[in-house]
Amino acid sequence: MALESKDETMLIIGAGGYIGTHLVRKALDKGYKIKALDRFFFGKDKLDKSAKHPELKIIDQDIRSVTAETFQDVDIVVSLAGISNDPACDLDPELTRSINYEGIVHSAKTAKEAGVPKYVEMSSCSVYGSSDKVCDEESPRKPVSLYAEMKTRVEDDIFALADKNFALTAFRNSTAFGISDRMRFDLVVNIMSLCAQHDGYIRVFGTGEQWRPFIHVEDIADATLHILNQDPSLWSGEVFNLGACTMDVNAIAKTVREALNEIGVPIQIQYVPEDVDPRNYAVSFEKFLDRFTFRPRHKIEDTVKDIFTGLANGNIREDPTCYTVKFYQSLIEKYGSSLLLS
């Protein structure tokens, strides 16, 4: 049952990131008052399109230092914070644990203590690791990376907090794709589109037989807003796989090639024999689709064309912040252990 719209304040943690910039804009459009909290490692300019909105308050704060005051007058928290992929997490495991586990759990506990009634956490389908079966929410979690291990531990700790006064859910997000104001070219669909535009070919590492689930970044934001407009009894205390499709890397590469062929751009696929990411999992999204009416609407084919043409005409800018690992490496080299401080 959909809830009637009402005046609510949403705190978005990680608001300056790949998903967060979309969620800020879309939530403002829905009439929410927004507190956008981030450490803004990638720059406050990522929120420029929303910055002048009268119902937006930007908070430059580390998730590890949030207090009850941070959550004052907040009705909803959406937690998007964290170092965002496997190789970036491996750069400094201590830093990763500090942010991706300790910081996120601290945030959830503090939000509950402050009386926040609704909390949405972003987890990841990477918790499934490698499996030869289609994974649903009851499947064993077998994390094969520090990033996925931290997601698994966060799930365990925060779901223990859920009760009648603290409605909490988590999305196990699929691999995201799509354009964002904090653009990422370390995601498979996005990087293939970039390589096609730069080089005229795309690379597949290994055999390309690794399976992955996928979803557009805007669909993640829209799904979040959708469930928040439903009665919490439909989602509190439960985790949901969120995605649009599951494909192997070969199929993704062929989809990219065919999409660009449709606009007159011939693309070749090159196979590179080397060690590949050990993650390999197909995912079921039936639980979410059975429970809610929301359906993902963005297609990989259309996104590939949008990224390719956006790069060609200059509407999408490639800059250092598009590459998560290299950018975090530069931050660690510049600031060292001070990144561990709140």
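The values are calculated or read from the model by the stated rules, or taken from the named source; none is laboratory data. Note that the structure is predicted; figures quoted are calculated from it, not measured. Here the Cβ positions follow ideal geometry from the backbone for every residue, glycine too, while neighbour counts run over all protein chains shown.
In a residue-by-residue description of the range 288-310, the property of being of a type outside the set (F, W, Y), under 21 Å from D92 (Cβ atoms) and at pLDDT 95 or above applies to no position. The residues on offer are A27, A51, and the sole one that is small (G, A, S), surrounded by 13 or more Cβ atoms within 10 Å (Cβ to Cβ) and under 21 Å from T169 (Cβ atoms) is A27.
Considering every residue within the range 205-226, establish whether at least one is at positive phi, surrounded by fewer than 16 Cβ atoms within 10 Å (Cβ to Cβ) and at pLDDT below 95. Taking every residue of the range 205-226 in turn, at least one turns out to be at positive phi, surrounded by fewer than 16 Cβ atoms within 10 Å (Cβ to Cβ) and at pLDDT below 95. The requirement of being in a strand (DSSP E or B) and touching a residue at least 24 places away in the same chain (Cβ under 8 Å) is satisfied by A167. Where residues in the range 294-318 are farther than 16 Å from A176 by Cα and without any contact (Cβ under 8 Å) to a residue 12 or more places away in the chain, which of them is surrounded by the most Cβ atoms within 10 Å (Cβ to Cβ)? In this case the residue turns out to be N315. Note on the range 107-143: residues that are among the charged types (D, E, K, R) and within 18 Å of G17 (Cβ to Cβ) amount to 1. Restricting Y119, Y32 to those that are surrounded by 16 or more Cβ atoms within 10 Å (Cβ to Cβ) and within 28 Å of V283 (Cα to Cα) reduces the list to Y119.
Test R257 against the criterion of being over 19 Å from S126 (Cα atoms) and surrounded by fewer than 18 Cβ atoms within 10 Å (Cβ to Cβ), and give yes or no. Considered against the rule, which asks whether it is over 19 Å from S126 (Cα atoms) and surrounded by fewer than 18 Cβ atoms within 10 Å (Cβ to Cβ), R257 comes out as no. Among the residues in the range 98-113, are any of a type in the set (S, T, Y), within 17 Å of the chain's Cα centre (by Cα), crowded, with 16+ Cβ neighbours inside 10 Å and at pLDDT 95 or above? The answer is yes; a qualifying residue exists.
One residue stands out in the range 163-197 among those that are surrounded by fewer than 24 Cβ atoms within 10 Å (Cβ to Cβ) and of a type in the set (S, T, Y): the one that is nearest to A223 (Cα to Cα), namely T169. A single member of P93, P87 is within 18 Å of the chain's Cα centre (by Cα) and surrounded by fewer than 18 Cβ atoms within 10 Å (Cβ to Cβ), and it is P87.
Scanning the range 30-41 for residues that are more than 18 Å from the chain's Cα centre (by Cα) and part of a loop (DSSP other than H, G, I, E, B) yields K30, G31, Y32.
Return yes or no: is A223 closer than 22 Å to Y128 by Cα and in contact with a Phe, Trp or Tyr (Cβ under 7 Å, 6 or more places away or on another chain)? So A223 passes the test.
Highlighted here are the strands (runs of 3 or more DSSP E) found entirely within the range 198-311 that include at least 2 residues which are within 22 Å of the chain's Cα centre (by Cα): 211-216, 238-242, 245-248, 280-283. Of all residues in the range 239-266, those satisfying the criterion of being in contact with a helix residue (DSSP H, G or I) (Cβ under 8 Å, 6 or more places away or on another chain) and under 29 Å from E137 (Cα atoms) are V239, F240, N241, L242, G243, A244, C245, M247, V249, I252, A253, T255.
Could you give me the residue pairs with C-beta distances under 8 Å whose first residue belongs to the range 221-233 and is hydroxyl-bearing (S, T, Y), whose second residue is assigned to a helix (DSSP H, G or I) and buried (at least 18 other Cβ atoms within 10 Å of the Cβ) wherever it lies, and which are 6+ apart or on separate chains? Between residues of the range 221-233 that are hydroxyl-bearing (S, T, Y) and residues that are assigned to a helix (DSSP H, G or I) and buried (at least 18 other Cβ atoms within 10 Å of the Cβ), the close pairs are T224/L23. Residue pairs whose Cβ atoms lie under 7 Å apart, separated by 6 or more positions or on different chains, with the first residue in the range 1-29 and modelled with pLDDT of 95 or more and the second assigned to a helix (DSSP H, G or I) and polar (S, T, N, Q), are I13/S107; L23/T224.
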